[in-house]
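Report on the structure given below.
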Amino acid sequence: GNIPFTLTFVFGSALRAAGDSRTPLFIGFGANLLNIFLNWVLIYGNLGAPALGVAGAGMASSLSMVFQVIVFWWLWAGRRLMLRPSAERFAPRLDMWRRIMHIGYPAALEGALWHAGLFVFMRIMSDYGTAEFTAYQIGAQILALSFLPGSGFSMAAATLVGQHLGDRQPERAASSAWRSLWASIGAMTALGALLVWLAEPISRWFIDDPRVVALTVDFIWILGVAQPLMAVEFTLGGALRGAGDTRYPLLVIFLGLFVCRVAPALTLAYVFDASIQAVWCALLIDYALKATLLIARFRGDRWRSIEV
């Protein structure tokens, strides 16, 4: 499913950048309904299909990705989208490739660094035991609900900043980003506070092990404090990328993950033999540094004049 996933991601990102966020939403909603249905069919062997278990879940996800690509391509080829095909755009253009790579490779490297840092952090937690590792996974899934507004406002900030800079209106670009940031902080903080309040009953819905539930509640409380800081990372990071400033978020991710998260976590775990809760607190240092650096960058003027 990687190829259809990539094509779907490109279609969705291009449409959102053009100002059409509804079409990817509706297509994604339909694909998720199809994914749920195919999971029911292929995992459990309903409607005469073989019971494939985990393999069926993978097949269902890949088929739903293929469905999205087909729908996007059908709408695009039929000129039903805001972005329409043109024979000229298929011709090789080295200048355009250079511009794409100039913007794209720092963002790709940023994603690779993020996953590498997360992998090391999870490796540290695995030495504490199954309960601690499981609590982190469950807590992260629960708090992912509060990340959704941040992701949405990140896309909004990137789109508006890019469009206003394209119109030579840097002040409106800055205003849009700051408004998106405050909305993101409000939404993420409110939803995060609700999840913190309901941390124990939601955790028990996932698992009935008392030790894992208690650890999950601790993790949700710790990361719940970081919601406003995470809103800054989501929104201003998106705004800078929308302006074409993709290298600075790469630097911020590296410093936050490896200097302020992984390094303190390694020290706490293997030098001071600290508790898992202390290791989780390294997340707060990470998000505090990233929020500080991103605010400082956006308050400057360099992002307003980057050539892409």
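The values are calculated or read from the model by the stated rules, or taken from the named source; none is laboratory data. Computed from a prediction, not measured in an experiment: that's the story for all the values here. All Cβ positions, even for glycine, are placed from backbone atoms using ideal geometry, and neighbour counts span all protein chains on display. All accessible areas refer to the heavy atoms of the entire protein, side chains included, with ligands and DNA or RNA removed. Shrake-Rupley method; radii C 1.70, N 1.55, O 1.52, S 1.80 Å.
Kindly provide the set of residues from the stretch 289-308 that are open to solvent by less than 60 Å² (accessible area, probe 1.4 Å), in contact (Cβ under 8 Å) with a residue 24 or more places away in the chain and not in a helix (DSSP H, G or I), ordered by number.
Ile306
Within the stretch 114-158, take every residue that is over 16 Å from the mean Cα position of the chain (by Cα) and among the hydroxyl-bearing types (Ser, Thr, Tyr) and give me the one that is surrounded by the most Cβ atoms within 10 Å (Cβ to Cβ).
Here the answer is Tyr136.
Residue under question is Leu81, and the condition is that it be touching a Ser or Thr at 6+ places or on another chain (Cβ under 8 Å) and modelled with pLDDT under 95; does it hold? Quick ask: steps written out before the conclusion?
Numbers: touching a Ser or Thr at 6+ places or on another chain (Cβ under 8 Å): yes; modelled with pLDDT under 95: yes.
Yes: the conditions hold for Leu81.
For the condition charged (D, E, K, R), under 27 Å from Thr246 (Cα atoms), open to solvent by 80 Å² or more (accessible area, probe 1.4 Å) and in contact with a helix residue (DSSP H, G or I) (Cβ under 8 Å, 6 or more places away or on another chain), what is the one hit in Arg98, Arg93, Arg84?
Working: Arg98 fails: in contact with a helix residue (DSSP H, G or I) (Cβ under 8 Å, 6 or more places away or on another chain); Arg93 fails: in contact with a helix residue (DSSP H, G or I) (Cβ under 8 Å, 6 or more places away or on another chain).
Result of the check over Arg98, Arg93, Arg84: Arg84.
Given the structure, is Arg261 surrounded by 19 or more Cβ atoms within 10 Å (Cβ to Cβ) and either modelled with pLDDT under 95 or under 23 Å from the mean Cα position of the chain (by Cα) (or both)?
Yes, satisfied.
Do we have Phe272 as in a loop (DSSP other than H, G, I, E, B), over 19 Å from Gly224 (Cα atoms) and not β-branched (Val, Ile, Thr) here? Break it down into steps so the answer makes sense when it comes.
On the way: in a loop (DSSP other than H, G, I, E, B): yes; over 19 Å from Gly224 (Cα atoms): yes; not β-branched (Val, Ile, Thr): yes.
Yes.
Determine which member of the set Gly12, Gly19, Gly30 is within 30 Å of Gly238 (Cα to Cα), open to solvent by less than 90 Å² (accessible area, probe 1.4 Å), modelled with pLDDT under 95 and assigned to a helix (DSSP H, G or I). Talk me through it step by step, then tell me what you get.
On the way: Gly19 fails: assigned to a helix (DSSP H, G or I); Gly30 fails: modelled with pLDDT under 95.
Of the residues listed, the single one that is within 30 Å of Gly238 (Cα to Cα), open to solvent by less than 90 Å² (accessible area, probe 1.4 Å), modelled with pLDDT under 95 and assigned to a helix (DSSP H, G or I) is Gly12.
Quick one: in the stretch 160-171, of everything that is without any contact (Cβ under 8 Å) to a residue 12 or more places away in the chain and part of a helix (DSSP H, G or I), which residue is nearest to Glu233 (Cα to Cα)? Break it down into steps so the answer makes sense when it comes.
Going through the stretch 160-171, the residues without any contact (Cβ under 8 Å) to a residue 12 or more places away in the chain turn out to be 166-169, 171.
If we keep only those that are part of a helix (DSSP H, G or I) too, we end up with 166, 171.
Values: Gly166: 23, Glu171: 21 Å.
My answer is Glu171.
Any residue at all in the stretch 210-221 that's over 17 Å from Ala135 (Cβ atoms) and of a type in the set (A, V, I, L, M, F, W, C)? Before the answer, list the steps.
Narrowing the stretch 210-221 to residues over 17 Å from Ala135 (Cβ atoms): none.
Within the stretch 210-221 (the criterion being over 17 Å from Ala135 (Cβ atoms) and of a type in the set (A, V, I, L, M, F, W, C)), the answer is no, since none of the residues qualifies.
Which of the residues spanning the stretch 78-134 are of a type in the set (A, V, I, L, M, F, W, C), assigned to a helix (DSSP H, G or I), farther than 23 Å from Leu283 by Cα and touching a residue at least 24 places away in the same chain (Cβ under 8 Å)? It would help to see each step written out before you state the result.
Residues of the stretch 78-134 of a type in the set (A, V, I, L, M, F, W, C): 81-83, 87, 90-91, 94, 96-97, 100-101, 103, 107-109, 112-114, 116, 118-122, 124-125, 131, 133.
Checking the rest, the ones that are also assigned to a helix (DSSP H, G or I) come to 87, 90, 94, 96-97, 100-101, 103, 107-109, 112-114, 116, 118-122, 124-125, 131, 133.
Keeping just the survivors that are farther than 23 Å from Leu283 by Cα gives 87, 90, 94, 96-97, 100-101, 103.
Within the stretch 78-134, Ile103 is the sole residue that qualifies.
Within the stretch 218-249, how many residues are of a type in the set (Asp, Glu), over 14 Å from Gly150 (Cβ atoms) and open to solvent by 10 Å² or more (accessible area, probe 1.4 Å)?
Just the residues of the stretch 218-249 that are of a type in the set (Asp, Glu), to begin with: 218, 233, 245.
If we keep only those that are over 14 Å from Gly150 (Cβ atoms) too, we end up with 218, 245.
Checking the rest, the ones that are also open to solvent by 10 Å² or more (accessible area, probe 1.4 Å) come to 218.
Residues in the stretch 218-249 being of a type in the set (Asp, Glu), over 14 Å from Gly150 (Cβ atoms) and open to solvent by 10 Å² or more (accessible area, probe 1.4 Å): 1 in total.
How many residues does the stretch 194-217 hold that are assigned to a helix (DSSP H, G or I) and open to solvent by 60 Å² or more (accessible area, probe 1.4 Å)? Can you show your working first?
Just the residues of the stretch 194-217 that are assigned to a helix (DSSP H, G or I), to begin with: 194-197, 199-206, 210-217.
When the remaining residues are screened for being open to solvent by 60 Å² or more (accessible area, probe 1.4 Å), the result is 194, 197, 200-201, 204-206, 210-211.
Total meeting the criteria: 9.
Does the stretch 253-268 contain any residue that is charged (D, E, K, R) and assigned to a helix (DSSP H, G or I)? Working first, answer last.
Of the stretch 253-268, the ones charged (D, E, K, R) are 261.
Those left that are additionally assigned to a helix (DSSP H, G or I): 261.
For the stretch 253-268, residues charged (D, E, K, R) and assigned to a helix (DSSP H, G or I): present.
Quick one: what pairs do we get from the stretch 26-55, first residue among the aromatic types (Phe, Trp, Tyr), second open to solvent by less than 80 Å² (accessible area, probe 1.4 Å) and assigned to a helix (DSSP H, G or I), C-beta under 6 Å, 6+ apart or different chains?
Trp40/Asn46
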